[in-house]
Amino acid sequence: MTANELKAIRLCLNMTQEQFANFLGVSRATIARMETGSLRVSQKIKAKIALKVDLNKVGFFSFYEKYKAI
């Protein structure tokens, strides 16, 4: 998962960095560093997202196509 994909998931869920951090059980600073690419998205974070978010159900894939075009 790339930094841009992580940010797009957060935006698709309509969450702030603080809300997303709380949702995943990490600090806002961790989310910020992952979104800028200064910290790689860990396997633990990927697993939490996979368990907590049905990307198909929230319409992520169509959202991401539009997000990439911006």
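The values are calculated or read from the model by the stated rules, or taken from the named source; none is laboratory data. Source: prediction; values computed, not measured. Don't worry about glycine lacking a Cβ; one is built from the backbone with ideal geometry, like all the others, and counts go over all protein chains shown. The area values use the complete protein model at the heavy-atom level, side chains included, leaving out ligands, DNA and RNA. Shrake-Rupley method; radii C 1.70, N 1.55, O 1.52, S 1.80 Å.
What the table below lists for this structure:
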{"read-out": "Residues of the stretch 7-31 classified as part of a helix (DSSP H, G or I) and over 18 Å from N56 (Cβ atoms), total", "value": "13"}
{"read-out": "Filtered residue count, the stretch 4-17, keeping only those that are open to solvent by 40 Å² or more (accessible area, probe 1.4 Å) and either farther than 21 Å from Y67 by Cα or among the β-branched types (V, I, T) (or both)", "value": "1"}
{"read-out": "Residue count for the stretch 46-70, restricted to those that are touching a helix residue (DSSP H, G or I) at 6+ places or on another chain (Cβ under 6 Å) and open to solvent by 80 Å² or more (accessible area, probe 1.4 Å)", "value": "0"}
{"read-out": "Where a residue in the stretch 20-45 is under 13 Å from K7 (Cβ atoms) and open to solvent by less than 40 Å² (accessible area, probe 1.4 Å) and its partner, wherever it lies, is at pLDDT 95 or above and acidic (D, E), with Cβ under 9 Å and at least six apart", "value": "I31/E18"}
{"read-out": "The lone exception for F63 - which of (1) under 12 Å from the mean Cα position of the chain (by Cα); (2) on the phi < 0 side of the Ramachandran plot it fails", "value": "(1)"}
